[in-house]
Amino acid sequence: MHWSRAAAALLLAGATLAVPAAPAAAAGPLTEVLVFSKTAGFRHGSIPRGIAAIQQLGTQNGFSVTATEDAAQFTPANLARYQAVVFLSTTGDVLDPAQQTAFEAYVNNGGGFAGIHAAADTEYDWPWYANLVGAYFHSHPANQTATVRVEDRGNASTAHLPHSWSRYDEWYNYRTNPRDGGAKVLATLDESSYSGGNMGADHPITWCKTVGAGRAWYTGLGHTDESYAEQNFLRQILGGIQLAAGHRPADCRAESGYTPLFDGTRASLDQWRQAGPGGFTLTDGTISSQGGMGLLWYPVRTFANYSLKLDWMMPGDDNGGVFIGFPDPQGDPWKPVDQGHEIQIDATDGDPSRTTGSVYSFAAPDPAVRDAALNPPGSWNTYEIAVHGQRVEIWLNGVKVNDYLSNRDIANGYIGVQNDGAGLDISYRNIRIKTDGPSQPPGVDLARGVRGVASSVEPGSLHLAANATDGDAGTRWGSAHSDPQWIRLDLGRVRTVNRVKLTWETAYARAYQIQTSPTGRTWTTVYSTTTGNGGIDDVPVAATGRFVRVLGTQRATQWGYSLYDVNVYAPAGLT
């Protein structure tokens, strides 16, 4: 965010104590890599190409590569030379017990492992290796073209890839799902795009994990000779080696239980709403800012006690941010500034409390930790933002950079992402959230785009019923100046409804009912109030019906009923 209002001074005056983040190790050097390609079973003809390709990556990126098939090099003293060991299509039982012990100690004490393709077809009787590689090979169909779905686009080995990556290879099925063993899955296979997959809807193909003090990375790609001349695959290998060596930051913590808020599809983006000028374009699962300064926010529900994750990228010296804990902005992007918090994205601001990883104008990150974790402009980074009560914790690429206790009422609020202004470009993708304990999950707004029917329209106005479901907070339905009045929505078929949210304009309803009906002729009242006071009414209900009606029976003013928005939500997973 770039400030242009005097209110900034007031924010600084309200700041409370920032708790320093725990120190984290800086990215380590990458000078030597061991490539091990011993085979005791099937031998891949692509191994020589793979060795040459990794050697070339070393030449281009400042590290030397030792290639060997001599397991006797697996001694404590020799392994200590290397920041990472690559198992390149190894097969069968390739290490004896003493060599296994040496390799276990190497990884557990901070060494890195990068497995390529048949590394999963190796050491079936070594339980520690089963945990290291993440999953064992089961079978594979004939070589063919398939679609890889990139799940983590902030990881060093996958950040450069498109959301959907179509390529030719030999596609492994695995005996178990590596997620079950604590791996962070980076990419999966779309089994509908090829023949012979047997893992179903969740078929991981690239992942990473923490093992002891070390990190392990694996990809099932790399069977063919042609793979090792493919730039996208070579960049994936480079990122995997850098990640394993601790040379590039990465979040390899297992991830489960997160609900996507923006999953790269137009349908998920349509659930969001723009407040203020500018906006975002959608390309390849990514939203990119244009114009501004505005805010794209998620109006489906507020969140409390949560972990919010997303990827972000700035091409240069640009600006953006993630907003948390704010009330409905009602079209004004400055309300989140004044009442929530911005987790800033801007690495070059002179004020450290307004740089990447800060709680904007309130708490600077630990600069050394932040700088070590930050990927450069043009690269993708990941945020995890945890909010518990008024405590805000921030992780950058898996490294904790900030821990702040706020004096603002942020414990339960909306979330959003900023478009800071023309020329201050930023992109976001893969926005997801996980709440602690039992909670109401995000739902689907069944009313968005439904053309409502109303009992009347304010005389001489264009305040039509459709304005209440168009997603525009600046438009409204207004009725004639009399009682009763109603607005009715046809959801197309009988639906399960668990929430109705009403955003009233000044001329609100003192008394009204929310009703449902299967036919639109007979109505069941699922909520009723005689003490309405305007603003936002977010009402939990338990109902079914094709039709939803808001029936106003008593106005609070001399004017008609006036609704900016009607939102009707189905439970998550029910559309």
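Relative protection proxy for 406-417, 285-296, from highest mean packing down: 285-296, 406-417 (other beta-carbon atoms within 10 angstrom).
Amide H contacts of Arg248: Leu243, each under 5 Å away and 5 or more positions distant or on a separate chain (H built 1.01 Å from N in the peptide plane; Pro and chain starts excluded). Each Lys or Arg adds one and each Asp or Glu subtracts one; over the other residues with Cβ under 13 Å from the Cβ of Tyr564, this totals -4. Taking H placed 1.01 Å from N in the peptide plane, check which residues at least 5 places from Gly278 or on another chain put their amide H under 5 Å from its amide H. Those qualifying (amide H under 5 Å, at least 5 residues apart or on another chain) are Gly292.
Other residues lying with their Cβ under 13 Å from the Cβ of Arg253 contribute a combined charge of +3, Lys and Arg counting +1, Asp and Glu -1. Only one item in (1) 26.7; (2) 25.0; (3) 26.0 matches Kirkwood radius over Cα pairs in Å derived from the coordinates shown, and that item is (3). Remark on Leu446: its backbone amide H falls under 5 Å from those of Val568, Tyr569, Ala570, a criterion applied only to residues 5 or more positions apart or on other chains, H modelled at 1.01 Å from N.
Quick one: which of Lys400/Lys434; Lys309/Lys400; Lys209/Lys400; Lys184/Lys501 span more than 25 angstrom between C-alpha atoms?
Lys184/Lys501
Around the Cα centre of the chain, unit charges on the Cβ atoms of Lys, Arg, Asp and Glu (plus for the first two, minus for the last two) sum to a dipole of about 1540 debye. Phi angles of the stretch 333-339 translate, via the Karplus equation with coefficients 6.51, -1.76, 1.60 and θ = phi - 60°, into HN-Hα couplings of x, 7, 4, x, 4, 7, 10 Hz per residue; Gly and Pro are given as x. Under the rule a/c < 1.5 gives rounded, and otherwise a/b versus b/c splits prolate from oblate, where does the stretch 140-285 land using the Cα gyration tensor? The shape class here is prolate. Relative to the first principal axis of the alpha-carbon coordinates of the chain, what is the inclination of helix 231-244, with its axis defined by its Cα atoms, in degrees from 0 to 90 and to the nearest 10? Result, in degrees: 80.
Carbon-plus-sulfur accessible fraction, the chain (probe radius 1.4 Å, protein heavy atoms only): 51%. Here is the list for the stretch 476-575: chymotrypsin sites (Phe, Trp or Tyr not before Pro) lying in DSSP coil, each with at most 16 other C-beta atoms within 10 angstrom of its C-beta, are Trp559.
Here the Karplus curve 6.51 cos²θ - 1.76 cosθ + 1.60, taken at θ = phi - 60°, turns the phi angles of the stretch 353-365 into couplings of 7, 10, 10, 3, x, 8, 8, 3, 6, 10, 8, 6, x Hz, with x standing for Gly and Pro. Using alpha carbons only, the radius of gyration of the stretch 349-472 set against its Kirkwood radius gives Rg/Rh = 1.11. Rg over Rh for the stretch 180-220 works out to 1.07, both radii taken from alpha-carbon positions and Rh defined as the Kirkwood radius. Computed over protein heavy atoms with a 1.4 Å probe, the accessible surface of the stretch 258-368 works out to 29 Å² per residue. Over the chain, Cα pairs under 8 Å with separation of 6+ residues give a relative contact order of 13 percent.
Note that the stretch 505-513 has calculated 3J(HN,Hα) couplings of 7, 3, 7, 8, 9, 6, 10, 7, 10 Hz, one per residue in order, obtained from phi through the Karplus relation 6.51 cos²θ - 1.76 cosθ + 1.60 (θ = phi - 60°); glycine and proline are x. By how many degrees, between 0 and 90 and to the nearest 10, does the Cα long axis of helix 47-61 differ from the longest principal axis of the chain? Roughly 70 degrees between the two axes.
The values are calculated or read from the model by the stated rules, or taken from the named source; none is laboratory data. Source: prediction; values computed, not measured. Please note: Cβ atoms are built from the backbone with ideal geometry, for glycine as well, and neighbour counts cover all protein chains shown. Quick note on the areas: whole protein, heavy atoms, side chains included, nothing else; ligands and nucleic acids left out. Shrake-Rupley method; radii C 1.70, N 1.55, O 1.52, S 1.80 Å.
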